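FYI, it's all coordinate maths here, none of it is from the lab. Everything quoted here is computed from the prediction, not taken from an experiment. Cβ: placed from backbone, ideal geometry, glycine included. Neighbour counts: every protein chain shown.
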């Protein structure tokens, strides 16, 4: 795979941060007022880019972290949707309205479909995939995968961890 240019990485970060901003905006609308201060710690796009300029972070690190936050939310969304939570539909409509009619899962991918692709491939390639599999496998009520598939995903997760590239 060819290395991405700084401009391509910046565009990817901006795209991901736009998704992340929508998630944060929705969460702010759906929590009690007394919990709004918990969002004060969420860094702005500008603050994160300043970390890159000052050497405290890299663009690839920002992309990875933002992608991870999105995947975590996607897994939560999927689990809530499995139990018929109206909040899921509310978020999907909120996202669509803020992103010119685009679907959330079209923009970020469906975590179960992504995990199924990883399962078929038979190997976890990077930390983002590892975190996705971890989030799914750590959910004790997970029903998307058979026991055999769960065992295979667990073995793949252990293999990735043993390479010393996880967490």
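Normalised by the number of residues in the chain, the average gap of Cα pairs under 8 Å and 6 or more apart makes the relative contact order 20 percent.
When each of 148, 64 is scored by the number of other beta-carbon atoms lying within 10 Å, the sequence from fewest to most is 148, 64. Model label sites at residue 68 and residue 87, defined 7 Å from Cα along the beta-carbon direction, differ in position by 2.3 nm. With neighbours defined as other Cβ atoms within 10 Å of a residue's Cβ, the residues 19, 52 order from fewest to most as 52, 19.
The ranking of 16, 132, 36 by Cβ neighbour count inside 10 Å, starting from the fewest, reads 36, 16, 132. Dividing the Cα radius of gyration of the stretch 110-167 by 2.2 N^0.38 Å, with N the residue count, gives 1.00.
Rounded to the nearest 500, the helix-only mean residue ellipticity at 222 nm of the chain stands at -22000 deg cm²/dmol, with each DSSP H run of n ≥ 4 adding -39,500 (n - 2.57). Structural descriptor for the stretch 110-167: relative contact order 43 percent, calculated from alpha carbon pairs under 8 angstrom and at least 6 residues apart.
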